[in-house]
Amino acid sequence: MAVAGGAGVDEQSGCHGMRTQEIRGRRQAAAATEIFGPGAAERPPRGVRHGASVFFKTGRRGSAYGGSMTARFDAIGLVVSDMAASVAFYRRLGFAFPDGAENQPHTEAELPGGLRLLLDTEETVRSFLPEWQPPAGGGRASLALRCDGPEEVDALYGELVGSGYHGELKPWDAFWGQRYAILHDPDGNGVDLFAPLGAE
């Protein structure tokens, strides 16, 4: 499906003088109707409820290139057992979740560069995948947060461990040239803090 630029319409002579912005608006409305059904241009996509963010995990669509969809890295999703606890933890690390996020079944925070961090409760996941179970054993993935300097690694690690969060690895000068530390979020997911040692 070509949302824009794929219809082969001459926007000056073939549309009887309508402005380019109006043409694009009509194309976007038609695309929304095709994806989400009638009336989609006037309402949020399905899956949005009770103040949750506008886009759910599948809400954003890639642009059309030559008539085919192009997949792009768009978000990191975590399943959480306690939304309020997870939102509180990630806010301490600078993630800007919206007000009231701790009471939602799904929430997300915009990240630099256009990525998003998505949090979904276990109940949300089981609503469409009833057999889902939390993984057993140690995790194989983590989020890595770059700090402004080695001192911030130490300070942030100390602040969060002092607040009761689990410190997996105390700050140390890693042999690959970084000050490095590892925390666990409330669900045991790794969160790495790092900063280059010395001048870059």
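The values are calculated or read from the model by the stated rules, or taken from the named source; none is laboratory data. Everything numeric in this text was worked out from a predicted model, so none of it was measured. All Cβ positions, glycine included, derive from the backbone under ideal geometry; neighbour counts span all protein chains shown. The protein model used for the area step is the full one, side chains on, heavy atoms only, and it has no ligands, DNA or RNA in it. Shrake-Rupley method; radii C 1.70, N 1.55, O 1.52, S 1.80 Å.
Tell me, which strands (runs of 3 or more DSSP E) lie completely within the stretch 102-160 with 2 or more residues that are touching a residue at least 40 places away in the same chain (Cβ under 8 Å), of a type outside the set (S, T, N, Q) and over 23 Å from G177 (Cβ atoms)?
Numbers: elements: 106-110, 116-121, 142-146.
Per the criteria, 106-110, 116-121.
When every residue of the stretch 152-166 is checked against the conditions, none turns out to be among the charged types (D, E, K, R) and touching a Ser or Thr at 6+ places or on another chain (Cβ under 7 Å). When the criteria are applied in full, L193 fails the requirement of being without any contact (Cβ under 8 Å) to a residue 40 or more places away in the chain, open to solvent by less than 40 Å² (accessible area, probe 1.4 Å), within 12 Å of L145 (Cβ to Cβ) and not β-branched (V, I, T).
Going by what's in this entry, would F97 be described as at pLDDT 50 or above, under 30 Å from D187 (Cβ atoms), part of a loop (DSSP other than H, G, I, E, B) and in contact with a helix residue (DSSP H, G or I) (Cβ under 9 Å, 6 or more places away or on another chain)?
So F97 passes the test.
Would you confirm whether or not the stretch 178-186 contains a residue that is open to solvent by 70 Å² or more (accessible area, probe 1.4 Å) and either β-branched (V, I, T) or more than 22 Å from the chain's Cα centre (by Cα) (or both)? Reasoning before the result, please.
Our first condition is that a residue be open to solvent by 70 Å² or more (accessible area, probe 1.4 Å); within the stretch 178-186, this holds for none.
Checking the stretch 178-186: not a single residue is open to solvent by 70 Å² or more (accessible area, probe 1.4 Å) and either β-branched (V, I, T) or more than 22 Å from the chain's Cα centre (by Cα) (or both).
Closer than 20 Å to D82 by Cβ and touching a Gly at 6+ places or on another chain (Cβ under 6 Å), is that true of V161? Yes.
Does at least one position in the stretch 52-61 carry a residue that is part of a loop (DSSP other than H, G, I, E, B), closer than 30 Å to Y157 by Cβ and modelled with pLDDT of 95 or more? If you could, list the steps in order and put the result at the bottom.
Taking the stretch 52-61 and keeping what is part of a loop (DSSP other than H, G, I, E, B), we get 52-61.
With the extra rule that they be closer than 30 Å to Y157 by Cβ, the set shrinks to 53.
Next, from what is left, pick out any that are modelled with pLDDT of 95 or more: none.
No, there is no match, as no residue in the stretch 52-61 is part of a loop (DSSP other than H, G, I, E, B), closer than 30 Å to Y157 by Cβ and modelled with pLDDT of 95 or more.
For the stretch 124-151, taking the residues that are farther than 23 Å from S81 by Cβ and out of contact with any Leu (no Cβ under 8 Å at 6 or more places or on another chain), the one that is surrounded by the fewest Cβ atoms within 10 Å (Cβ to Cβ) is identified as D148.
Which of the residues that make up the stretch 110-123 are touching a helix residue (DSSP H, G or I) at 6+ places or on another chain (Cβ under 9 Å) and surrounded by fewer than 20 Cβ atoms within 10 Å (Cβ to Cβ)?
Pass one, the stretch 110-123, residues touching a helix residue (DSSP H, G or I) at 6+ places or on another chain (Cβ under 9 Å): 117, 119-121.
If the condition is that a residue be touching a helix residue (DSSP H, G or I) at 6+ places or on another chain (Cβ under 9 Å) and surrounded by fewer than 20 Cβ atoms within 10 Å (Cβ to Cβ), then L117, T121 are the ones that fit.
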